[in-house]
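**Student:** Please find one structure pasted underneath; my questions will follow.
The values are calculated or read from the model by the stated rules, or taken from the named source; none is laboratory data. Only a predicted model underlies this, so the values are computations on that prediction, with no experimental measurement involved. Note that we place each Cβ from the backbone using ideal geometry, even for glycine, and neighbour counts take in every protein chain shown. Side chains are part of the model used for accessible areas, which takes the heavy atoms of the whole protein and leaves out ligands, DNA and RNA. Shrake-Rupley method; radii C 1.70, N 1.55, O 1.52, S 1.80 Å.
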Amino acid sequence: MRFIDSQERCFHNKKAMIRFFNTLSGRLEVFEPLRPGEVRLYTCGPTVYDYAHIGNFRAYIFEDLLKRFLLYSGYRVFHVMNITDVDDKTIRNSQAQGLTLAEYTQKYINAFFEDIKVLNILPADVYPRATEHIPEMVNLIKILLAKGFAYEKDGSIYYSIARFPSYGQLAKIKPEELKPGARLEADEYEKERAHDFVLWKKRKEGEPFWETELGPGRPGWHIECSAMSMKYLGETFDLHCGGVDNIFPHHENEIAQSEAATGKPFVRYWLHCHHLIVEGEKMSKSKGNFYTLRDLLNRGVDPLALRFLLLSTHYRKTLNFTFEALEQATASLQRLRDFQIEIETRTFPEGYNEEVNQIISLARKEFKEGLSDDLNISLALSAVFSLIRKVNLLLQQGQIKNNDILALKEWLKEIDQVLGVLPPPPKALPEEIMAKIRLRERARQEKNYALADRLRQELLEQGILLEDTREGTRWKIISPKKTFPQ
Ligand code: AMP
Ligand code: ZN
C-alpha cells in the first residue's frame, strides 16, 4: 500500500526555495533567514483607539498566511506584534470620554484578541505594549542623541533625516524631495512632507506623560516599533510586515532610527500588503462603508468565510470588498467543507486507488510551489479545488477506497494548517439525520414511495441530498447559497 508517497513526504518536509517581493529592493528575492531554520518576524499591530476594521484584518490575515506557510515549510517562527496603546488618536479619544489612557485602550485590546481568535489567526509569541517599553525607547533616543542623529528643540526631540543619507530607501523618495530641518510633530503624514520627525514629544497640558531622563513627555509612534522589535528580535531580523500605508513614514523612520543607532541593517525582508477597499472606494467612516468584524458577524457572516475572502486575493493586489464577493467566498469555502464532510463521514470499501495517490502528489506540489512563489494564493487554491473536482468525479464513480480516504484526510489537514478555514472534522452526521436516512431506506424497500419521497424532501430541506445508486443510497451535503442583508 502506498497511500502516502514517502518520496513526496521528503519533498514536503524539505525547505523548497521560497521567494518574496521585498519592498526594500523592489524585487523578488530568495528568502533565507539569518539563522537557518528559524524566522524572526515583526508585524505592526493595532493602534487601539477603536475596533479594528476589516482592512486591518486583511493585513493581519496576510501576515498569518505568511507565518503559517513558513511553519508548514518547516521553519520555526518567532513572531512579535506590538500594541500601540499611546499615540495622538488614543489620547484624543480617551480624553473625549473622560477615561485614563489605560482604561480606554483596554477595551479595544480585549476586542482585538477576541477578533483574531474568531478569525483563526495564530497568536504572536509576544505582544509588547508601547506604554510598557518607555525605558527602551528612552534608551534608543539617548543613543541617537549621542551619535548626533537627534536634536532637542523646545523640549521635544527630533530625528534629523539629513544625517541619515539613505533616508527614503524604502519608500523610494529622492533626496531632493526631503525637507530636512523642517519639523513635524504628527505621527502620520504624506510622502511629500518628508520632514524631521519627532522621537519624544514634550509634555502637553492634560496629556499623559512619563517623567524620564529626556524630560517629561511621551514617545512618537515610530520609535515604539524600533525599540520593541529590536528588544525581542535583535538588531537585525528577518521579516517585517504591515500594510502599504505603513511604508511611509512609519517603516522608513523605523529603518532610520534603528540603523543609525546600531550601525547594522535593521530588517532583511520587508513585505507589505495592499489595501482593502470597499465597493470600489477607500474605506472610511465618513462614507459609511467602514466595517468592523463585529458589523459583519451581526449580519450573519461566517468569520472563516471572511478569512477565506481576505486571503484568497494575492497580498500585493488591492482587494475590493463587496458583499457579492463575500457570498462567492462563502460558496467556495462551502465546497471545501462539503468535501471534508464527505470524506470524514462516509464509509468506503477496502483497498486503494493509485490514481488518488497521484492526484494528491500533484496537488501537494502545486500548493507548495504556488505559495513559495511570493505567496501566490491563486495557484495554491487552484491546486486545492482541482483535487476536489477530480476526487469528486472518482467518488461519483465509486472508485475511492478507504486507504485513499486516509491520505485525503491527511492532505486536507495539511493544507488547512496554512489556510486555517476548516472547522474540526465532523465524525458523522447528527444521529437524527442518520435515523431519517435509515427510515427512508426502509420505506423504499417496503415500496412505501410516498413516505420515502416525503423523507427525501425533508432531508433535502435540511441540506442532505440522497442519491440512489446500484450500491445503495448515498448522501451528500448541499449547502444553501448564503446571502447577506446589506
Ligand atoms: P493601524 O491600527 O492603523 O496602525 O493599522 C494596523 C495595520 O492594518 C497596519 O499594518 C496597516 O498598514 C493595516 N491597514 C490599515 N488599513 C488597511 C486597509 N484598508 N487595508 C489593508 N491593511 C490596512
Ligand atoms: Zn510599527
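**Student:** What distance in nm separates the two pseudo spin-label positions at residue 76 and residue 469, each 7 Å out from Cα along the beta-carbon direction?
**Tutor:** Going from the residue 76 label point to the residue 469 one covers 4.7 nm.
**Student:** Hey, what number do you get for the chain at 222 nm if only DSSP H runs of n ≥ 4 count, each worth -39500 (n - 2.57), divided across all residues, to the nearest 500?
**Tutor:** For the chain, the value works out to -14500 deg cm²/dmol.
**Student:** While we're on this one: In the stretch 381-467, what GluC sites (Glu not before Pro) fall in a loop by DSSP, with at most 14 other Cβ atoms inside 10 Å?
**Tutor:** Answer in residue order: 446.
**Student:** How big is the chain in terms of Cα radius of gyration and Dmax, in angstroms?
**Tutor:** 27.0, 94
**Student:** A follow-up question, please. Looking at the stretch 235-312, which trypsin sites (Lys or Arg not before Pro) are in a loop (DSSP not H, G, I, E or B) and have at most 11 other Cβ atoms within 10 Å?
**Tutor:** Listed in order of number, the matching sites are 285, 287.
**Student:** OK, next. Starting at 0 and stepping by 5 Å, how many percent of the alpha carbon pairs of the stretch 431-477 end up in each bin?
**Tutor:** Whole-percent P(r) values from 0 Å outward: 6, 23, 36, 27, 8, 0.
**Student:** Per residue, how many Å² of accessible area does the stretch 19-273 show with a 1.4 Å probe?
**Tutor:** Here the residues of the stretch 19-273 average 39 Å² of exposed surface.
**Student:** Could you work out Rg/(2.2 N^0.38 Å) for the stretch 313-440, with Rg from alpha carbons only?
**Tutor:** Rg over 2.2 N^0.38 Å, computed on Cα atoms: 1.18.
**Student:** Once you have the Kirkwood Rh of the stretch 19-273 from its Cα pairs, apply Stokes-Einstein at 37 °C and 0.692 mPa s and quote D in µm²/s.
**Tutor:** Translational D for this selection: 176 µm²/s.
**Student:** Report ³J(HN,Hα) in whole Hz for each residue of the stretch 232-245, in order, from the Karplus equation J = 6.51 cos²θ - 1.76 cosθ + 1.60 where θ = phi - 60°; Gly and Pro get x.
**Tutor:** Coupling constants for the stretch 232-245: 8, 10, x, 6, 10, 9, 7, 10, 9, 10, x, x, 4, 5 Hz.
**Student:** Next question, about the same structure. Report Rg(Cα)/(2.2 N^0.38 Å) for the stretch 83-180, keeping two decimals.
**Tutor:** 1.45
**Student:** Based on Cα coordinates alone, diagonalise the gyration tensor for the stretch 169-220, multiply each eigenvalue by 5, take square roots, and list the semi-axes in whole Å, largest first.
**Tutor:** Values for the stretch 169-220, descending: 28, 10, 9 Å.
**Student:** So if I take the centroid of the Cα atoms in the stretch 220-254 and the same for the stretch 368-413, what is the distance between those two points in Å?
**Tutor:** Going from one Cα centre to the other spans 38 Å.
**Student:** Also: What distance in nm lies between label points placed 7 Å from Cα along the C-beta direction at residue 346 and residue 435?
**Tutor:** It works out to 2.5 nm between the two label points.
**Student:** Determine, from the Cβ-Cβ distance of residue 102 and residue 35 and an R0 of 25 Å, the FRET efficiency 1/(1 + (r/R0)^6), rounded to the nearest 0.05.
**Tutor:** Computed FRET efficiency for residue 102 and residue 35 comes out at 0.10.
**Student:** Further question on the same structure: Assuming R0 = 45 Å, what is the FRET efficiency of residue 355 and residue 244, from their Cβ-Cβ distance, to the nearest 0.05?
**Tutor:** 0.50
**Student:** Per residue of the stretch 379-392, in order, report the coupling 6.51 cos²θ - 1.76 cosθ + 1.60 (Karplus, θ = phi - 60°) as ³J(HN,Hα) in whole Hz, putting x for Gly and Pro.
**Tutor:** Calculated HN-Hα couplings, in order: 5, 5, 6, 5, 5, 5, 6, 5, 4, 4, 4, 5, 6, 4 Hz.
**Student:** Now, a different point. Of the listed pairs 172/317; 401/436; 67/147; 368/401; 67/231, which have alpha-carbon separations greater than 28 Å here?
**Tutor:** 67/147, as the Cα separations exceed 28 Å there.
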